[in-house]
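Worksheet for the structure shown next.
The values are calculated or read from the model by the stated rules, or taken from the named source; none is laboratory data. The structure displayed is predicted, hence computed values, not measured ones. Cβ placement follows ideal geometry from the backbone for every residue including glycine, while neighbour counts extend to all protein chains displayed.
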Amino acid sequence: MDTVVEHVHEAARLMLVRGPNGRTRWIVPHYPLDTSDSLTTPVNLHPKTTVPCRGGRLDLDASCFPDRRTCFRLVQPKGAPAGQNLLLFLHGCGDSHDQFARLGEQMALPQTDDFDETGSVIPPDIPHERRSQSLQAARDYVWSFLCVLHDRYAWDYSRLFLFAYSQGACVAFHLAMTLPCDVRLGGIVLVSGGAIAGSHSTCSDAQGGAVATPMLQITGAADSIYPAALAQRSCREFECKHSHAAAVELFTSLVRPRKGHAMIDSQEDMRHVMLFFSKHLYLRNISLENRSDVVEIQT
């Protein structure tokens, strides 16, 4: 029995042929495609032996970061595969990093390592101009921190996520509004914080073609420290920086009716947080990769 052409896939420029033993295989024919008996040498497929690319390295050395006094805690899911994402927590004035490390453990995001960074904060009682200067300084510090993760530890910016509360959320929002045009973070969750008024505002600095980082903002209608009006300002600045279409698609604002100035404190809040991460985390299909009958074809 001769080799028989079973199917021609013109878009992929492949032919499915059945050999004398009855088995089928895909081959690359000469061009143009010819369904006659003049077939080319079959393509030999071999299992992939290289280790799949991961998000980046986690052997972090505090001395490599902008401020050698940096204090951080890395939380890695137990028994989980190599992390493909890195979640950084930024807390507010007077908070401790311990509760955020516990939150990262409880969330147990798949293929995601959690990183709590104590960073600079914005005291709420200082004059307006000094607050803007403090915000800019904190923003520069966090950006330098992300640059080290990218340049030294091979983390792609799109794999880096921020979860920020109160003053930390104000820093995270300002950072997102001032990222280089070609940089997009994986996503940012803002809790009881975001845009604030001041000379640092970037609303007039909109740049065409800048990529937008997805954001989820959770605020409270009963919050006297970060009122709902500032949550609306956050959405306006995001739209001003990018576009209305980008704001509709990538900026989600949730104002909780009876929520005050507090961290995630309800199942409803957490449900929205987990839904946000389910949309934007980079996840490998580990079970598919481990199947012996699946072979990756690289060209």
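If you check Ala210 against the conditions, is it surrounded by fewer than 16 Cβ atoms within 10 Å (Cβ to Cβ) and outside any helix (DSSP H, G or I)? Judged against the criteria, Ala210 is not a match.
Residues checked against (1) surrounded by fewer than 13 Cβ atoms within 10 Å (Cβ to Cβ); (2) more than 16 Å from Tyr165 (Cβ to Cβ); (3) at pLDDT below 90:
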site	(1), (2), (3)
Thr202	no, yes, yes
Gln217	no, no, no
Glu239	no, yes, no
Lys259	no, no, no
Asp265	no, no, yes
Ser287	yes, yes, yes
Val295	yes, yes, yes
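Are any residues in the stretch 236-271 in a helix (DSSP H, G or I) and in contact with a helix residue (DSSP H, G or I) (Cβ under 7 Å, 6 or more places away or on another chain), and if so, which ones? Within the stretch 236-271, Glu237, Phe238, Glu239, Cys240, Lys241, Ala247 meet the criteria. Residues that are modelled with pLDDT under 90 and more than 23 Å from Ala210 (Cβ to Cβ) number at least 3 in the following strands (runs of 3 or more DSSP E) confined to the stretch 78-192: 112-117.
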